[in-house]
Amino acid sequence: AQSVAQPEDQVNVAEGNPLTVKCTYSVSGNPYLFWYVQYPNRGLQFLLKYITGDNLVKGSYGFEAEFNKSQTSFHLKKPSALVSDSALYFCAVDLSTSGTYKYIFGTGTRLKVLA
Amino acid sequence: SQTIHQWPATLVQPVGSPLSLECTVEGTSNPNLYWYRQAAGRGLQLLFYSVGIGQISSEVPQNLSASRPQDRQFILSSKKLLLSDSGFYLCAWRNRGSYEQYFGPGTRLTVT
């Protein structure tokens, strides 16, 4: 079965430190992978995507993610965390290659950046 | 540029009452459209998606339905709400040929 896993419910990091939010996937074929961020009572905002090419993709607000095919992972990273980065982060995989037009989302990871 | 609207922003409805949530997209044509529900501020559940007018795919059997009467309009409905229908409802769109989905601001539904 196709799935996306975010193994950490919450990640705490001190402001100025690097952050990593983990995501692993299990899909058939080549995955199209995404990260979204959600602030309280708001819709999801697109951060970045991996479709093909360079394994390190850069996105909005200084975030980047590394695609690792052998480990089936797509971890979100940022070199220096800000308090304003505190939010709920979702990893998603697109199933369009399977003939559908939908995502599977992970369960979300709450990032808390401490001042 | 493209924008997506959802209304109402918040809604409190009694059990057994009907529901109609509306989503419209501007600045694009023939998008894929999606309804999600988010419970308890965490996981997202895909409810329906549509690849064209009148074409609705249902992901989860429940007392909700969706319709797409116009190209950029997506409506979520229920004839009789249940307590379990409470949640945060998100509409999203996606252009053909691209992969990312863009989300609306959401509707917070509380069924009492």
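Observations, loosely collected:
- Selection of the stretch A:36-64 for residues being without any contact (Cβ under 8 Å) to a residue 40 or more places away in the chain and of a type in the set (Ser, Thr, Tyr) yields A:50, A:52, A:60, A:61.
- Some residue of the stretch B:9-25 being farther than 23 Å from residue B:110 by Cα and modelled with pLDDT under 95: no
- In the set (1) within 11 Å of another protein chain (Cβ to nearest Cβ); (2) surrounded by 15 or more Cβ atoms within 10 Å (Cβ to Cβ), residue B:97 fails one condition alone, (2).
- Members of the stretch B:75-94 that are away from chain A (no Cβ under 14 Å) and of a type outside the set (Ser, Thr, Tyr): B:75, B:76, B:79, B:80, B:81, B:82, B:83, B:85
- Looking only at the stretch B:7-51, and only at residues there that are within 24 Å of residue A:100 (Cα to Cα), within 11 Å of chain A (Cβ to nearest Cβ) and of a type in the set (Gly, Ala, Ser), the one that is surrounded by the most Cβ atoms within 10 Å (Cβ to Cβ): B:50
- When the residues of the stretch B:52-61 are filtered to those that are in contact (Cβ under 8 Å) with a residue 12 or more places away in the chain and away from chain A (no Cβ under 14 Å), the one that is least open to solvent (accessible area, probe 1.4 Å) is B:54.
- For the stretch A:17-35, the criterion of being in contact with a Cys (Cβ under 8 Å, 6 or more places away or on another chain) and free of Cβ contacts under 8 Å to residues at least 60 places away in the same chain is met by at least one residue.
- Out of A:36, A:61, sole residue that is surrounded by fewer than 19 Cβ atoms within 10 Å (Cβ to Cβ) and aromatic (Phe, Trp, Tyr): A:61
The values are calculated or read from the model by the stated rules, or taken from the named source; none is laboratory data. The structure presented is a predicted model; accordingly, all values stated were derived computationally and were not measured. Cβ atoms come from the backbone with ideal geometry, glycine included; neighbour counts cover every protein chain shown. The area values use the complete protein model at the heavy-atom level, side chains included, leaving out ligands, DNA and RNA. Shrake-Rupley method; radii C 1.70, N 1.55, O 1.52, S 1.80 Å.
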